[in-house]
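Encoded as C-alpha cells, the structure appears first; notes follow it.
The values are calculated or read from the model by the stated rules, or taken from the named source; none is laboratory data. Just so it is clear, the structure is predicted and the values come from calculations on it, not from any experiment. Every residue, glycine among them, receives a Cβ derived from its backbone with ideal geometry; neighbour counts consider all protein chains shown. These accessible areas exclude ligands, DNA and RNA; they are computed on the full protein's heavy atoms, side chains included. Shrake-Rupley method; radii C 1.70, N 1.55, O 1.52, S 1.80 Å.
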Amino acid sequence: MRRVLVTGGNRGIGAAICITLKKLGYDVIGSYNAQHDQASAFSKEHDIPLYSFDVGNPNDTENKIQEIIKNHGPFDSLVHNAGITSDGFFHKMTFDRWEKVLRTNLLSCFQVTHPLIQDMRERNFGRLVYITSVNALKGQIGQTNYSAAKAGLIGFVKSLALENANKNITVNAVAPGYTNTDMVSLMDKEALAKVAETIPAKRLAQPEEIAESVAFLLSEKASYITGTTLHINGGMF
Ligand code: NDP
C-alpha cells in the first residue's frame with residue numbers, strides 16, 4: 001500500500017485530496033496547523049490520522065515528520081497543499097505579512113520535503129506534488145506575497161524534478177484556479193461573483209476536481225510526467 005503525506009489535509013482542497021486518495025487505497029496521513037476540533041472530527045469521520053504542526057516552522061516540521069515516519073513507516077508520496085493568503089497592496093504591505101506568506105507557502109517546501117526525499121531516492125520511488133496557484137502564473141492585485149511564493153514553488157518543482165528523475169521520483173505542481181473552500185469564502189460575495197463571471201467555465205472549481213488531478217499525478221499512469229505544472233482553472237489562464 002502506498003503511503004502519502006498530505007499537508008493541510010483537514011479541510012478544503014487538502015481534505016478532498018485525503019478522501020480521494022483513501023478511496024484509492026492509499027495509507028493517507030494528513031497534517032494541519034491549528035484547527036484542532038475540526039481536524040479531530042475530520043480524522044474520526046474518515047479514519048485518517050492527522051498531525052498538527054506549523055509547516056512554516058522548520059524544526060517543528062522536521063521533528064514531527066520524523067515522528068510520523070516512526071509511527072507509520074516511510075512515505076512514497078507527498079502532497080504539499082498547506083497554504084495561506086494575506087492580501088494587500090504591496091505599497092501598504094508590512095514585512096510580517098510578506099514574510100509569513102513566503103515562510104508558509106514557499107520556505108516550507110524545504111522542511112516538508114527534506115525528511116522524505118533521501119529515503120525515496122534509496123527506495124527508487126517517489127511522487128511529489130506541490131499545490132501552487134493560477135495567481136502564480138497570471139499575477140493578482142493584492143497578492144504580491146502569495147504570487148511570489150507560489151511562483152517560487154514552480155521553480156523548486158522544476159529543479160527537484162531534474163535532480164531526481166533518474167531515481168523514479170516525479171515532482172510536479174498543480175495550479176488550481178478559484179476553488180470553493182474557506183480560502184475563497186473569506187472574499188466578499190460580490191467580488192467572488194465578479195470573479196466567477198471572468199472564468200470561462202463560469203464557476204469555481206470544486207475541491208474534488210483538484211483532488212482527482214493530484215491522484216492522477218501520484219499514480220503509476222503518470223510515471224513519465226515530471227517537472228510540470230498542471231493547470232486546473234476552468235479556462236481562466
Ligand atoms: P484552506 O484555507 O481551506 O485550508 C488551508 C489548509 O492549510 C488548512 O488545512 C490549514 O490548516 C493549512 N495550513 C495553513 N497554514 C498552515 C501552517 N502554517 N502550517 C500547517 N498547515 C497550515 O485552503 P484551500 O483548501 O483553499 O487551499 C489549499 C491550497 O491550495 C493552498 O496552498 C492554496 O494556496 C492553494 N490554492 C487554493 C485556491 C482556492 O481558490 N481555494 C486556488 C489556488 C490555490 P488549519 O485548518 O489548521 O488552519
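Observations on the structure shown:
- Under a 5 Å amide H cut-off, with hydrogens placed 1.01 Å from N, residue 128 pairs with 78, 170, 171, 172 among residues at least 5 apart or on other chains.
- Sum of -39500 (n - 2.57) over DSSP H runs of 4+, divided by residues of the chain (222 nm, nearest 500): -14500 deg cm²/dmol
- As a length-normalised measure over Cα pairs under 8 Å and 6 or more apart, the relative contact order of segment 1-134 settles at 27 percent.
- ³J(HN,Hα), Karplus 6.51/-1.76/1.60, whole Hz, each residue of segment 195-202, x for Gly, Pro: 4, 4, 4, 7, 8, x, 6, 6
- Treating r as the C-beta distance of residue 166 and residue 71 and R0 as 30 Å, the FRET efficiency rounds to 0.45.
- 0 to 90° range, to nearest 10: angle between helix 12-23 axis and the chain longest Cα axis: 30 degrees
- Of the residues 68, 117, ranked by 1.4 Å probe accessible area with the largest first, the sequence reads 117, 68.
- Dipole of segment 18-81 computed with +1 at Lys/Arg Cβ and -1 at Asp/Glu Cβ about the Cα centre; of 48, 68, 36, farthest Cα towards the positive end is 48.
- Other residues within the sphere of radius under 15 Å centred on the Cβ of residue 106, judged by their own Cβ, net out at +3 (K and R +1, D and E -1).
- Of 57, 10, 142, farthest towards positive along the dipole that unit charges on Lys, Arg, Asp, Glu beta carbons give segment 3-232: 142
- Qualifying chymotrypsin sites (Phe, Trp or Tyr not before Pro) for segment 14-113 [loop in DSSP, other Cβ within 10 Å: at most 12]: 89
- For the chain: rounded, prolate or oblate by the Cα gyration tensor [a/c cutoff 1.5]: rounded
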